[in-house]
Amino acid sequence: MKKIIVTGALGQIGSELIMKMRDIYGYDRVIATDIRRTECDVVQTGPFEIVDVTDSKALFDVTKKHQADSIIHLAALLSATAESNPLHAWHLNMDGLINALEVAKELGCQFFTPSSIGAFGPTTPKDNTAQDTIQRPTTMYGVNKVAGELLCDYYYYKYGVDTRGLRFPGLISYVAPPGGGTTDYAVEIYYEAIKHARYTSYIAPKTYMDMMYMADALNAIITLMEADAAKLKHRNSFNVSAMSFEPEEIASEIRKHIPMFKLSYDVDPVRQRIAESWPNSIDATAARQEWGFKAEYDLRKMTEEMLLMVSAKFNLIA
Ligand code: NAD
């Protein structure tokens, strides 16, 4: 990657990925784009363009203008939001993706887009879910993600586009808020722990889902994009995960730092149903073997850092 264009750059992943890639590749070599603008570090520290990914011409023109050789396509509607507006999800997630793939094909760009554990469904084996297994999701987001994985494979086999992708679990971070996913509770819980020493979870106890700290997710994207293509058997949609937990486990880790922390439940049936259709834990062996995936953060280390950084955000520590 020498010159990289990123769509959906002001979201939870883009807000941190852009800054990390600008440190590595150069500030003028990472072009951030989004449908909206906010006065944040991403906009203020390097090139930024307003681009709606459903507008194929606008996406093509901006990529050509900046002579990008890589596209990181992040613009999407996430699982819970997609369930409340399935047609909009189809339009943004599928038309946006195929527009970005077409630009990559026309301009010869390397291509990355994330899939998700949402690409699995209720008939997928739940524990240590294999890289290659049953994928019959029952959510619009899941349908989009499976179709997206197949589409990225298709552009590689048919047109030789260097497509690569990861099936991300729930991502936990403190810079930008999560964008409407089913695993957002695992971010909110840290904010509420710091602010009020209590949290009401919309996910029921004993519901296990895979998770990963943002620092590990960013390293995974960059390592996969820089990996030797000859070693990749699963180009798109590598399973990656760092931990799997349920609400009581994250609460008890928080209590090691905030002993009075209280967890209660008010379960949201929509997000609970989505969570129950996903695996309890996935197997990342293919990612480790084919390009050296490694996660540094477990629940203990992530909790220490999240509590510290969220406290700093609210000026609760010096
Ligand atoms: P997000 O919701 O935080 O950000 C999405 C960004 O896309 C927003 O900044 C939004 O303004 C922008 N956007 C919306 N419509 C657009 C359009 N028409 N044109 C251009 N930009 C538009 O999402 P995120 O968490 O950063 O996720 C990025 C990708 O990673 C998505 O494909 C998502 O499915 C995937 N993913 C995320 C997670 C997670 O936990 N965050 C987990 C698995 C997979």
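The values are calculated or read from the model by the stated rules, or taken from the named source; none is laboratory data. In this text the structure is predicted, and so the values were computed from the model without any measurement. Every residue, glycine as well, gets a Cβ built from its backbone with ideal geometry; the counts of neighbours run over all protein chains shown.
Counting only residues that are part of a helix (DSSP H, G or I) and more than 12 Å from the ligand (Cβ to nearest atom), how many does the stretch 61-72 have?
First, pick out the residues of the stretch 61-72 that are part of a helix (DSSP H, G or I): 61-65.
From what's left, more than 12 Å from the ligand (Cβ to nearest atom): 61, 63-65.
So the answer is 4.
Test of understanding: among G142, G165, G160, G170, which residue is of a type outside the set (S, T, Y), under 20 Å from the mean Cα position of the chain (by Cα) and over 20 Å from A82 (Cα atoms)?
Selected residue: G165, the only one of G142, G165, G160, G170 that is of a type outside the set (S, T, Y), under 20 Å from the mean Cα position of the chain (by Cα) and over 20 Å from A82 (Cα atoms).
Output the number of the condition that N93 fails; it satisfies all remaining conditions of (1) within 12 Å of the ligand (Cβ to nearest atom); (2) over 22 Å from A32 (Cβ atoms). Among (1) within 12 Å of the ligand (Cβ to nearest atom); (2) over 22 Å from A32 (Cβ atoms), the lone unmet condition for N93 is (2). Surrounded by 18 or more Cβ atoms within 10 Å (Cβ to Cβ) and touching a residue at least 40 places away in the same chain (Cβ under 8 Å), is that true of L92? Considered against the rule, which asks whether it is surrounded by 18 or more Cβ atoms within 10 Å (Cβ to Cβ) and touching a residue at least 40 places away in the same chain (Cβ under 8 Å), L92 comes out as no. Scanning the stretch 259-294 for residues that are closer than 30 Å to D132 by Cβ, assigned to a loop (DSSP other than H, G, I, E, B), out of contact with any helix residue (DSSP H, G or I) (no Cβ under 8 Å at 6 or more places or on another chain) and among the charged types (D, E, K, R) turns up just one, D283.
Among the residues that make up the stretch 258-274, is at least one of them within 23 Å of the chain's Cα centre (by Cα) and of a type in the set (A, V, I, L, M, F, W, C)? Scanning the stretch 258-274 turns up at least one residue that is within 23 Å of the chain's Cα centre (by Cα) and of a type in the set (A, V, I, L, M, F, W, C).
Specify the residue that is nearest to the ligand (Cβ to nearest atom); the eligible residues are those in the stretch 98-119 that are assigned to a helix (DSSP H, G or I), of a type in the set (A, V, I, L, M, F, W, C) and within 15 Å of the chain's Cα centre (by Cα). Of everything passing the filter in the stretch 98-119, I117 is nearest to the ligand (Cβ to nearest atom). Answer yes or no: is there a residue in the stretch 231-247 that is surrounded by fewer than 17 Cβ atoms within 10 Å (Cβ to Cβ) and not basic (K, R). No: zero hits. Restricting A82, A75, A58 to those that are farther than 24 Å from A217 by Cα, buried (at least 16 other Cβ atoms within 10 Å of the Cβ), aliphatic (A, V, I, L, M) and within 10 Å of the ligand (Cβ to nearest atom) reduces the list to A58. Would you confirm whether or not the stretch 237-252 contains a residue that is at pLDDT below 95, in contact with a Leu (Cβ under 9 Å, 6 or more places away or on another chain) and assigned to a loop (DSSP other than H, G, I, E, B)? Looking for residues that are at pLDDT below 95, in contact with a Leu (Cβ under 9 Å, 6 or more places away or on another chain) and assigned to a loop (DSSP other than H, G, I, E, B), one finds at least one in the stretch 237-252, hence yes.
Could you tell me whether D52 is under 30 Å from R271 (Cα atoms), of a type in the set (D, E, K, R) and under 21 Å from the mean Cα position of the chain (by Cα)? Give the steps one after another, and end with the answer.
Details: under 30 Å from R271 (Cα atoms): yes; of a type in the set (D, E, K, R): yes; under 21 Å from the mean Cα position of the chain (by Cα): yes.
Answer is yes for this residue.
Please indicate, with yes or no, whether at least one residue in the stretch 127-145 is near the ligand (Cβ under 8 Å from one of its atoms), modelled with pLDDT of 95 or more and assigned to a helix (DSSP H, G or I). The answer is yes; a qualifying residue exists. Considering only residues in the stretch 177-210 that are assigned to a loop (DSSP other than H, G, I, E, B) and under 14 Å from the mean Cα position of the chain (by Cα), the one that is surrounded by the fewest Cβ atoms within 10 Å (Cβ to Cβ) turns out to be P177. Of all the residues in the stretch 17-44, those that are outside any strand (DSSP E or B), more than 9 Å from the ligand (Cβ to nearest atom) and crowded, with 16+ Cβ neighbours inside 10 Å number 10.
Has the stretch 151-171 got at least one residue that is within 16 Å of the ligand (Cβ to nearest atom), surrounded by fewer than 22 Cβ atoms within 10 Å (Cβ to Cβ) and either at pLDDT 95 or above or not in a loop (DSSP other than H, G, I, E, B) (or both)? Scanning the stretch 151-171 turns up at least one residue that is within 16 Å of the ligand (Cβ to nearest atom), surrounded by fewer than 22 Cβ atoms within 10 Å (Cβ to Cβ) and either at pLDDT 95 or above or not in a loop (DSSP other than H, G, I, E, B) (or both). Within the stretch 158-216, being over 22 Å from K262 (Cβ atoms), among the acidic types (D, E) and free of Cβ contacts under 8 Å to residues at least 12 places away in the same chain holds for no residue. On the given criteria, is K126 in the same structural domain as S79 (by TED's automatic domain parsing) and of a type in the set (K, R)? So K126 fits the description; yes.
So which residues in the stretch 248-258 are small (G, A, S) and touching a helix residue (DSSP H, G or I) at 6+ places or on another chain (Cβ under 8 Å)? Within the stretch 248-258, A251 is the sole residue that qualifies.
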